[in-house]
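Please read the structure below before turning to the comments.
Since every read-out is calculated from the coordinates, none of them should be taken as a lab result. Note that this is a predicted model, so its numbers are computed, not measured. Here the Cβ positions follow ideal geometry from the backbone for every residue, glycine too, while neighbour counts run over all protein chains shown.
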Amino acid sequence: MRKTVQPRKQRIRMYNAPLHTRGKRIASPLSNELREKYGKRSVPLRVGDTVVVLRGNFKGHKDKVTAIDRKAYRVYVKGVVNKKANGEDAPRPVNASNLRVVELVLDDKRREKMIARK
């Protein structure tokens, strides 16, 4: 099947994508050191990866990924929170393109193979 370049059809495919393919789309670029080490530009995010926020109010914040919302294409980073009116902290979702991976979690054999494959 031929891939399309029409933005309209790209958006439709993104909105109607199943969860197992959405996880592949939630990827962030690697830091320069990791790029040289693994020979890859970006990798899909996993819970536990250490990332740096590149855009927004939390620019420069470095911490671990706590959750990934495949339905909304958003990532939650520890310490990236909004204050609610009652004083509680509410986690703030971040787009994966606004993050840079600084440290990978490699305790999964499948992930090691995926990184070594290219």
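Can you give the extra length, in nm with one decimal, that the chain gains between residue 81 and residue 103 once fully stretched, where that is 0.36 nm per residue apart less the Cα-Cα distance? Show your work: numbers first, answer last.
Numbers: separation 22, 0.36 × 22 = 7.92 nm, distance 2.13 nm.
Using 0.36 nm per residue and subtracting the Cα-Cα distance, I get 5.8 nm.
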* So which residue, out of 71, 24, 37, gets the largest mean-square fluctuation from a GNM of the chain using Cα contacts under 10 Å as springs? -> 37
* To do: Compute the signed sum of charges (Lys and Arg +1, Asp and Glu -1) over the other residues within less than 9 Å, Cβ to Cβ, of residue 34.
  => 0
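Once you sort the root eigenvalues of the Cα gyration tensor of region 16-65 as a ≥ b ≥ c, which label holds: rounded (a/c under 1.5), prolate (a/b larger than b/c) or oblate (the other case)? Mind showing how you got there, number by number?
Values: a/c = 2.11, a/b = 1.23, b/c = 1.71.
The shape class here is oblate.
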* Asked: In region 77-118, which residues have a backbone nitrogen under 13 Å from the label point lying 7 Å from residue 33's Cα in the Cα-to-Cβ direction?
  -> 101-104
* Could you check the simple spin-label distance between residue 112 and residue 40, using points 7 Å along Cα→Cβ, in nm with one decimal? => 1.4 nm
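Where both residues lie in the chain, what percent of DSSP beta bridges are antiparallel, nearest 5?
Working: 19 of 20 bridges.
Counting only bridges with both partners in the chain, antiparallel ones make up about 95 percent.
Compute the signed sum of charges (Lys and Arg +1, Asp and Glu -1) over the other residues within less than 15 Å, Cβ to Cβ, of residue 82.
Values: positive: 74, 78, 83, 84, 92; negative: 88, 89.
Summing Lys and Arg as +1 and Asp and Glu as -1 gives +3.
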* Structure fact -> Read-out percent of Cα pairs over 24 Å apart, candidates [x] 34; [y] 23; [z] 29; calculated match is [x]
* **Note, ³J(HN,Hα) from phi for region 10-17, Karplus 6.51, -1.76, 1.60, rounded to Hz, x at Gly and Pro** => 4, 5, 4, 5, 5, 5, 9, 5
* **Table column - 3J(HN,Hα) (Hz), region 60-75, Karplus curve with 6.51, -1.76, 1.60, x for Gly and Pro** => x, 5, 10, 6, 8, 6, 9, 7, 10, 9, 5, 5, 9, 6, 10, 10
* Looking at 42, 91, 68, which one has the Cα that reaches farthest to the positive end of the dipole of the chain (charges on Cβ: Lys, Arg +1; Asp, Glu -1)? -> 42
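So how strong a dipole does the chain carry about its Cα centre when Lys and Arg Cβ are +1 and Asp and Glu Cβ are -1, to the nearest 20 debye? Mind showing how you got there, number by number?
On the way: 32 positive and 11 negative charges, 181 e Å.
Value, rounded to 20: 860 debye.
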* Structure fact -> the chain, Gaussian network, Cα under 10 Å: of 32, 86, 98, the residue fluctuating most is 86
* Ranked 20, 61, criterion: other C-beta atoms within 10 Å, fewest first -> 20, 61
* Structure fact -> GNM on the chain, Cα springs under 10 Å; top mean-square fluctuation among 72, 27, 85 goes to 85
